[in-house]
Structures are given as structure tokens and as C-alpha cells.
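K.L.:
Here it is: the structure, laid out below.
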Amino acid sequence: MAVKARPPGDRPLKTLERALSKAGLGSRSEARRWVGEGRVKVNGRVAGDPDHWVDLERDRITVDDKPLEQTALTYLLLYKPAGYLTTYRDPQGRKTIYDLLPDRDRYLFPVGRLDLDTSGLLILTNDTAFAERLTNPEYKVPKTYLVKASRVLSDEDLDHLRAGIELRDGMTRPAIVTRVSGNKFEMTITEGRNRQVRRMVEALGAKVLKLVRIAIGSMTIGDLQIGATRELTAEEVRKLRGSKT
């Protein structure tokens with residue numbers, strides 16, 4: 001559905017669904033569902049349109065008759081183990097990253113994804129602007145992975161990764177690649193295509209046996225234990241906000 005044209009003026013206007021999401025209550029799809037269920041009111045009246053423009057300074061918005069309040073921004077670092085899905089629930093009952101969080105009911109979403117067989121650093125937050133900064137390819141925030149390939153890649157193979165690989169969805173940006181030992185190497189990319197590292201290695205006729213994300217921008221796993229979480233410090237958040245190559 002197309003969002004209605006924004007009304008003129010300089011007031012702090014947002015669509016109702018976005019106002020609910022930005023408050024940290026849930027995703028925009030959840031917000032639309034709440035509106036459809038009649039749980040959201042604007043100025044005492046049940047809201048019927050999630051795309052309705054609201055004035056954040058003048059309109060009174062409630063969910064289940066509770067006033068809309070801005071939830072404290074949260075930034076959580078998780079060392080995701082392999083075998084966990086980066087999703088809230090799985091219809092097949094498989095383990096998800098939310099099974100590892102100390103407070104599953106707190107609304108946090110992952111900044112990017114790691115597939116089922118990939119482990120490593122994953123940031124969860126309720127700050128949509130922060131997440132956009134880290135995931136939008138235009139900001140070129142580097143993500144670094146430790147890769148174990150099914151064979152020893154030659155120096156020529158690694159040079160191909162450094163130059164960029166032609167994939168079905170286009171040429172990748174050049175990667176930074178450093179051999180660690182034998183069939184292991186570190187690889188830094190500034191994009192977030194689906195299964196990108198695996199597909200780049202597969203384009204060279206090899207498979208990825210193990211993949212661990214060890215850094216996002218200036219943020220590294222450090223001594224965090226696998227499966228554990230911790231809050232990011234204010235300084236770490238500040239540095240990540242400024243990550244740009």
C-alpha cells in the first residue's frame with residue numbers, strides 16, 4: 001500500500017505505524033497488526049489506518065490504552081553460535097538467537113543477519129537509525145569474517161576476491177583478504193548481500209566449511225564467550241555510528 005503524501009508544515013510528523021516502531025514497541029508489521037486489531041488509539045479514538053500521519057508533539061497515542069512512550073535505546077552484542085536462526089520464531093521449532101537473550105520479551109531486532117551455519121558477532125537493537133547506518137551499503141561499514149575453505153585457495157584465488165567477484169546479482173566490491181594459514185583466511189567486505197562470502201568462495205570452485213564474523217566496523221568479539229551477550233558501551237556505539245571507509 002502506498003503511503004499517503006505527507007501533509008505540509010514543519011511539525012514532527014510520522015505515519016502511525018512508524019511512530020509505534022520508532023518508540024521501540026515492535027516492528028512496523030507488528031504495528032500495522034495492532035492497528036488492524038483496534039488496539040491503537042489517537043486522541044481517544046480507535047485508529048483504523050496505520051498510514052495516518054500523526055503529530056508526535058500534539059497527538060495522544062495509546063496502545064492497549066497505555067500512553068506511547070519512547071523506549072530506552074538498547075544496543076546488545078551477541079556471539080551467535082552456529083545452529084541458531086536469526087529470527088524471532090521458527091515454525092519448525094528450531095533454536096533462534098532469541099533463545100539466548102536474557103530478556104526475550106524486550107523488543108530488539110538484529111542488525112543484519114547471519115545464516116544458520118554462520119557464527120560470530122551480531123548486534124541487536126531497537127534503534128532503527130543506528131541499524132540503518134550499519135546495514136546500508138552506502139555507508140560502506142566493513143564486516144570481517146574468518147573463513148575456512150574446503151581447499152587451500154591459491155594466491156591468484158585470493159587476488160580474485162580482492163578485485164571483486166562476478167555473482168548472479170552483479171560484481172561485488174573489492175574485498176580485503178589476508179591469509180591466516182592453509183585454507184583459512186580473513187575477509188572484509190562492505191556490502192551485505194545474502195550469503196555473500198559463501199557465494200564469493202563458491203565462485204572460485206570451493207566451499208566454506210566454517211564462517212565466523214569477527215568484526216563489524218570497530219566492533220570486535222573480543223573475549224565474549226560463544227552464546228553470551230553484553231551491552232555495548234556508549235563509546236562503542238559512538239564509534240559504530242561514525243564507521244565509514
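The values are calculated or read from the model by the stated rules, or taken from the named source; none is laboratory data. Note that the structure is predicted; figures quoted are calculated from it, not measured. Don't worry about glycine lacking a Cβ; one is built from the backbone with ideal geometry, like all the others, and counts go over all protein chains shown.
K.L.:
Taking the stretch 163-184 as the region of interest, how many residues are within 16 Å of Arg199 (Cβ to Cβ) and not in a loop (DSSP other than H, G, I, E, B)?
P.N.:
Result for the stretch 163-184: 6.
K.L.:
Please verify whether the stretch 157-170 includes one or more residues that are among the hydrophobic types (A, V, I, L, M, F, W, C), without any contact (Cβ under 8 Å) to a residue 40 or more places away in the chain and in contact with a strand residue (DSSP E or B) (Cβ under 9 Å, 6 or more places away or on another chain).
P.N.:
Yes: one or more hits.
K.L.:
Taking Thr71 and the conditions (1) touching a Gly at 6+ places or on another chain (Cβ under 7 Å); (2) of a type outside the set (A, V, I, L, M); (3) under 24 Å from Leu209 (Cβ atoms), which numbered condition does it fall short on, given that it satisfies the others?
P.N.:
(3)
K.L.:
While we're here: Of the numbered conditions (1) part of a loop (DSSP other than H, G, I, E, B); (2) under 21 Å from the mean Cα position of the chain (by Cα); (3) not β-branched (Val, Ile, Thr), Met187 satisfies every one except a single condition; which is it?
P.N.:
All conditions are met except number (1).
K.L.:
Another question, if that's okay. I'm checking my understanding of the structure. Among residues of the stretch 64-77 that are modelled with pLDDT of 90 or more and closer than 17 Å to Lys22 by Cα, which one is surrounded by the most Cβ atoms within 10 Å (Cβ to Cβ)?
P.N.:
Tyr75
K.L.:
Let me ask you something else. Of the residues in the stretch 119-129, how many are surrounded by fewer than 18 Cβ atoms within 10 Å (Cβ to Cβ) and touching a residue at least 60 places away in the same chain (Cβ under 8 Å)?
P.N.:
Looking only at that region, the number is 1.
K.L.:
What's the total number of residues in the stretch 90-104 that are within 12 Å of Thr229 (Cα to Cα) and outside any loop (DSSP other than H, G, I, E, B)?
P.N.:
So the count comes out to 4.
K.L.:
Here's something else I'd like to know. Could you tell me whether any residue of the stretch 213-220 is surrounded by 13 or more Cβ atoms within 10 Å (Cβ to Cβ), more than 30 Å from Arg18 (Cβ to Cβ) and without any contact (Cβ under 8 Å) to a residue 24 or more places away in the chain?
P.N.:
No, because not a single residue in the stretch 213-220 is surrounded by 13 or more Cβ atoms within 10 Å (Cβ to Cβ), more than 30 Å from Arg18 (Cβ to Cβ) and without any contact (Cβ under 8 Å) to a residue 24 or more places away in the chain.
K.L.:
Still on this model: Which of the numbered conditions does Gly192 fail, given that it passes all the others? Conditions: (1) touching a helix residue (DSSP H, G or I) at 6+ places or on another chain (Cβ under 8 Å); (2) modelled with pLDDT of 95 or more; (3) small (Gly, Ala, Ser).
P.N.:
All conditions are met except number (2).
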